[in-house]
1. Give all pairs with beta carbons closer than 8 Å in which a residue from the range 44-72 that is in contact (Cβ under 8 Å) with a residue 40 or more places away in the chain and part of a helix (DSSP H, G or I) meets a residue that is surrounded by fewer than 23 Cβ atoms within 10 Å (Cβ to Cβ) and acidic (Asp, Glu); count only pairs at least 6 apart in sequence or on separate chains.
2. Pick out the one residue from Leu342, Leu288 that is part of a helix (DSSP H, G or I), in the same structural domain as Val366 (by TED's automatic domain parsing) and surrounded by fewer than 20 Cβ atoms within 10 Å (Cβ to Cβ).
3. Looking at (1) more than 25 Å from the chain's Cα centre (by Cα); (2) part of a helix (DSSP H, G or I); (3) within 23 Å of Glu297 (Cβ to Cβ), which is the only condition Phe428 fails?
4. Limited to the range 151-187, what total is found for residues that are over 30 Å from Gly53 (Cα atoms) and not in a helix (DSSP H, G or I)?
5. Condition check: under 25 Å from Phe28 (Cα atoms), surrounded by fewer than 16 Cβ atoms within 10 Å (Cβ to Cβ) and not β-branched (Val, Ile, Thr). Does Gly109 satisfy that?
6. What number of residues in the range 291-338 are aromatic (Phe, Trp, Tyr) and more than 16 Å from Asn426 (Cα to Cα)?
7. Among what's in the range 361-396 and is among the aromatic types (Phe, Trp, Tyr) and modelled with pLDDT of 85 or more, pick the residue that is surrounded by the fewest Cβ atoms within 10 Å (Cβ to Cβ).
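The values are calculated or read from the model by the stated rules, or taken from the named source; none is laboratory data. Note that the coordinates shown come from a computational prediction; the quantities given were computed from them, not determined experimentally. No Cβ is skipped: glycine too gets one built from the backbone with ideal geometry, and neighbour counts run over all protein chains shown.
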Amino acid sequence: MKVRNFIDIKALLFDNLTIKQTIFKNIFWLAVSHGLSRLMTLILLIFVARILGAAEYGKFTFAIAFVYLLSVFSDLGISSIATREFSREKEREKEFSAILSLKIFLILGTVILTFIGSFFITSDPIIRGIIWILVIYNSVNCFSEIIYAFLRARQRMEYESFAKILHAFLITGFGFFVILNFPSVKNLSYSYLFASLIFLILVLVFFHFKIYRLSLTWNKFIWQRFLAMSWPLALVAIFTAIHNYVDSTMMGYFGQITQTGWYNAALKIVQASLIPAALISQSFYPALSIAFKESKEKLQKVWSYQMETLLFLAVPLMVGGITLAPRIIDFIYDSSYFPSILAFQILIIMAALVFLYYPFNQVLIVSNQQTKVFWPIFWGVIVNVILNLILIPKFSLYGAAVATVITNLLIFFLLFTSVLKFTFVNPFNLRFLLTFIGVVFSSAGMYFVISQPAIFYLNVLLSVPIGAGVYFGSFLGYRKLVKQIFIIPSVLF
């Protein structure tokens, strides 16, 4: 749509008019929310790591990894299924009150499970106390997910964006106040809990009066139907949680608390780099679901658009991250965190793989092939746990990083083969091939520039934009050349 005045801008950012405009709107708002919220919390955690040191920071990251590992039982895939079902049939929204009741039941069970598990995972009473505080904090986050699922179904990501920014603002504000005035891991955990409770009250009031009237109903039939649809996603979520958090949990269990701090210092930056993949995929999910219902051609078009966009971002992220890793760690932390450099270089490869397998994962879900998502994650987790058991005792954080990369490579391969076999999507076409060649060519040019001492030893705030500028400039030049040779539909081209 053409933007000519304030009314057009308002329609572009707040209305759902066309598929492309809605995707753009959703990406914009999720970019704002994820960007600001992740940036604020990342800055907070950087200061926490600097002020408390790697050992104390390791205690916090070990505790929260264990909490996140078990938090999967508070959802069991219900939120994703709710988004899918509500987006397809608006009448299904009347079942939301029963889903809320189920969600509360699952959260209470998870809190009890985590409390019991804390006695087995650590003998340190301080870490155990931190786990108890953080599981309540995370329960608030888990309950908020079902609210976000409803908003995503209506493709009103702007409300989710506002909520996540508010949450990050409260967490960061209380966190900074505590860490600067009463610095301790336990006090930091209390600040997370207090901020989240305030956030939950505000969100529930807004949602109840502005979006959908909240109520709770006990309906076993709806519970059973949603759990019957979500159990494949629940299994995927369980194994995904093991994949994501078992490394930090194992290092903490083996007593490598300082190493856990170094590992998570690198991991937090890598996770921040995954923001574009997450927000793009979340924005495409409802559109993919609708496209599947309409036609094969539309599904292929939307999926290709997503895949090429993520490929465009993944390769330069990996190349630039590996090249500038020493400068990035030195800029964000200090010399005491230099052991994090190699871990960061390994983990950034994992980030690129995650970018690339998001579209394969999502198209299987919207194609009602949830069970086919489970097996790649299942085998990935089995390999991940085995590798961590072997590599962490010998190589500590570097072994954990290598295990993570190998696991994600296996998951990508298995998801890729499942999409070829069980969906209508065809990843191979001329436009994708041309995009891939352009991305590789442009990334090589970027590497040549940023690896030069004159650029490499600049402040990261200068070297990163220079690298990005070289990459985008190279790709635009390649794109212009290709358009003169081939006549292809316009996506990245």
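1. Once the first residue is in contact (Cβ under 8 Å) with a residue 40 or more places away in the chain and part of a helix (DSSP H, G or I) and sits in the range 44-72, its partners that are surrounded by fewer than 23 Cβ atoms within 10 Å (Cβ to Cβ) and acidic (Asp, Glu) give Arg50/Asp334; Lys59/Asp124.
2. Leu342
3. (2)
4. Within the range 151-187, residues that are over 30 Å from Gly53 (Cα atoms) and not in a helix (DSSP H, G or I) number 3.
5. Against the criterion (under 25 Å from Phe28 (Cα atoms), surrounded by fewer than 16 Cβ atoms within 10 Å (Cβ to Cβ) and not β-branched (Val, Ile, Thr)), Gly109 does not qualify.
6. Qualifying residue count for the region: 5.
7. Looking at the filtered set, the residue picked out is Phe395.
Residue-wise test of (1) more than 25 Å from Ala277 (Cβ to Cβ); (2) outside the structural domain of Ala291 (by TED's automatic domain parsing); (3) surrounded by fewer than 18 Cβ atoms within 10 Å (Cβ to Cβ).
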position: Phe28; (1), (2), (3): no, no, yes
position: Met40; (1), (2), (3): no, no, no
position: Ile43; (1), (2), (3): no, no, yes
position: Ile51; (1), (2), (3): yes, no, yes
position: Ala54; (1), (2), (3): yes, no, no
position: Ile64; (1), (2), (3): no, no, no
position: Arg92; (1), (2), (3): yes, no, yes
position: Ala98; (1), (2), (3): yes, no, no
